[in-house]
2 protein chains.
Amino acid sequence: MQPKMTSAIHSVTAVDEYGQTRTVQVAGEMPLKLFLDECEIVTLMTLGSYPEALAIGYLINQHLIKDLHEIRSLQVNWNMVEVSTFNKDKKINHNTITSGCGRGAVLDTISDILLPNLTIKQSLIYTLLQTLTQQDEIHRQAGGVHACALCHQTEIFAFVEDVGRHNAVDTVTGLMWLHNWASDDKIFYTTGRLTSEIVMKVAHNGIPILLSRSGVTHKGIQIAQTFGMTLIAHAKKQHFLVFNGEKNVIFDAK
Amino acid sequence: MQPKMTSAIHSVTAVDEYGQTRTVQVAGEMPLKLFLDECEIVTLMTLGSYPEALAIGYLINQHLIKDLHEIRSLQVNWNMVEVSTFNKDKKINHNTITSGCGRGAVLDTISDILLPNLTIKQSLIYTLLQTLTQQDEIHRQAGGVHACALCHQTEIFAFVEDVGRHNAVDTVTGLMWLHNWASDDKIFYTTGRLTSEIVMKVAHNGIPILLSRSGVTHKGIQIAQTFGMTLIAHAKKQHFLVFNGEKNVIFDAK
């Protein structure tokens, strides 16, 4: 379990519907500039809690690096991450550097990954939903963030909140790489919508089950089918809908 | 009022928590490749209802073009939009082409816009919230989308749903430019979170009031303060919080 930076929350004043001034909490948001081999790649607007993991997850999920072995050094300076690789001559294709919220071209990279069959009990889905909704400290205090988590059975390996839906996914996968956690026994949870790029990122990291509080797009389902991913959306309280891989869900709860 | 393409909704089967197979509706998502002067800029993952307006809004909000007068031609071909300008020699800075969900560098462009003071009655906020939540056809049927609207008093000039939070904002501002609507008397509504880039885009288009169902980040508030924008978040049913410009809100409802 990673530590969380609650300094990501700011107190501000706001006027409510009664015209009364109230002190409320809002999420922080800072620009994190990412450089790869001295080339400026992107500015990520982030809560800023895990710059290293976010940078690594972003580079891997954008297919700019394949794994950690390509990295010679990584330096975090306040609002800047500089990554240098062993192979500086590799040409960066700027057209691919566009991901986030339906901006991405990662879909162009067709992969031949076939995810392993991992079963999940309905009772585990309920336990996870209950545990995870108790962890969203920043969301509860300040709103304006999405959460992602990486779970094995009832154990939460990582729980990350960020102002960007994609940042939270990138950070959790970055943590997975940094800690060298296995992917094939994990469940990926997100509060965000399962658009194609999110499904693609989770598949690309070899995680066989994806669980979301929110909805899913048609293309998201198609990608899950291609990779053999178990895709569960609209998971809230006692409800959920399995959009792919229902053979992997064990209906053990009444 | 623009027409909506309900063919953006797909019927799929899903298995619910009782193990029962159900037919449910999900939102479509298609890649829209955007070319500017024969240079591939970005692939936008979109519902696809308004490719022309989305392309124009994106280019203006990314500061890649200033206004419609720069455009010589715009061609939409199924999942591709090709825009050519009168000034093809203008160098495209790839580092700026990164926006969406906390990926953007549009914040680097500091603007000297000061938005006009436009007042909004509390009763109008309630009327708009009621009207707008009745329009979200795709969200109600399929989920997985965000909505944005451009309003003058109780009139809804544009209402757009998209799988990308940023796409919906870009499309509505694109429609504003295409129809040559005035911006200084408009209210911009979004179901999405008010992160810095969203606030910046609405300010950049000269719209003085921004209203959201969701939360706001600290940087979003700071940008609203810089531009003199009235920023209202957490607006749902009878509740809302004014984070900036409370002098422009007339509390006329009990």
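The values are calculated or read from the model by the stated rules, or taken from the named source; none is laboratory data. Small disclaimer: the values here were computed from a predicted structure and weren't measured. Reconstructed Cβ throughout: ideal geometry from the backbone, glycine too, with neighbour counts over all protein chains shown.
Every condition in (1) more than 10 Å from chain B (Cβ to nearest Cβ); (2) surrounded by fewer than 21 Cβ atoms within 10 Å (Cβ to Cβ) holds for A:Ala224 except the one numbered (2). Checked against (1) surrounded by 24 or more Cβ atoms within 10 Å (Cβ to Cβ); (2) touching a residue at least 24 places away in the same chain (Cβ under 8 Å), B:Leu178 passes all but a single condition, namely (1). Yes or no: A:Ala182 of a type in the set (A, V, I, L, M), at pLDDT 95 or above and over 11 Å from the mean Cα position of the chain (by Cα)? For A:Ala182, the condition - of a type in the set (A, V, I, L, M), at pLDDT 95 or above and over 11 Å from the mean Cα position of the chain (by Cα) - is met.
Kindly evaluate A:Ala224 against the criterion of being at pLDDT 95 or above, closer than 21 Å to B:His146 by Cα and among the small types (Gly, Ala, Ser). Spelling it out, it is not the case that A:Ala224 is at pLDDT 95 or above, closer than 21 Å to B:His146 by Cα and among the small types (Gly, Ala, Ser). I want to confirm something. Restricting to the range B:33-58 and keeping residues that are hydrophobic (A, V, I, L, M, F, W, C) and closer than 17 Å to A:Met200 by Cβ, which single residue is surrounded by the most Cβ atoms within 10 Å (Cβ to Cβ)? Among those that are hydrophobic (A, V, I, L, M, F, W, C) and closer than 17 Å to A:Met200 by Cβ, it is B:Leu44. Here A:Gly144 meets the list (1) more than 10 Å from chain B (Cβ to nearest Cβ); (2) touching a residue at least 40 places away in the same chain (Cβ under 8 Å); (3) part of a loop (DSSP other than H, G, I, E, B) almost entirely, failing just condition (1).
Give me the strands (runs of 3 or more DSSP E) completely within the range B:1-75, filtered to those with at least 2 residues that are out of contact with any Asp or Glu (no Cβ under 6 Å at 6 or more places or on another chain) and closer than 16 Å to B:Gly143 by Cβ, ordered by residue number. Hits in the range B:1-75: B:9-16, B:21-27. With respect to being outside any loop (DSSP other than H, G, I, E, B) and within 11 Å of chain A (Cβ to nearest Cβ), B:Val160 falls outside the description. Can you tell me how many residues in the range B:49-79 are within 11 Å of chain A (Cβ to nearest Cβ) and of a type outside the set (A, V, I, L, M)? Total satisfying the criteria: 2.
Considering the conditions (1) at pLDDT below 95; (2) more than 8 Å from chain A (Cβ to nearest Cβ), B:Thr43 is excluded by exactly one of them, (2). Taking the numbered list (1) at pLDDT 95 or above; (2) farther than 19 Å from B:Gln62 by Cα; (3) out of contact with any Phe, Trp or Tyr (no Cβ under 7 Å at 6 or more places or on another chain) in turn, B:Val160 passes all entries but (3). Return the residues of the range A:187-202 that are closer than 18 Å to A:Phe157 by Cβ, touching a residue at least 40 places away in the same chain (Cβ under 8 Å) and surrounded by 22 or more Cβ atoms within 10 Å (Cβ to Cβ); say none if nothing qualifies. Of everything in the range A:187-202, those that are closer than 18 Å to A:Phe157 by Cβ, touching a residue at least 40 places away in the same chain (Cβ under 8 Å) and surrounded by 22 or more Cβ atoms within 10 Å (Cβ to Cβ) turn out to be A:Ile187, A:Phe188, A:Tyr189, A:Thr190, A:Lys201.
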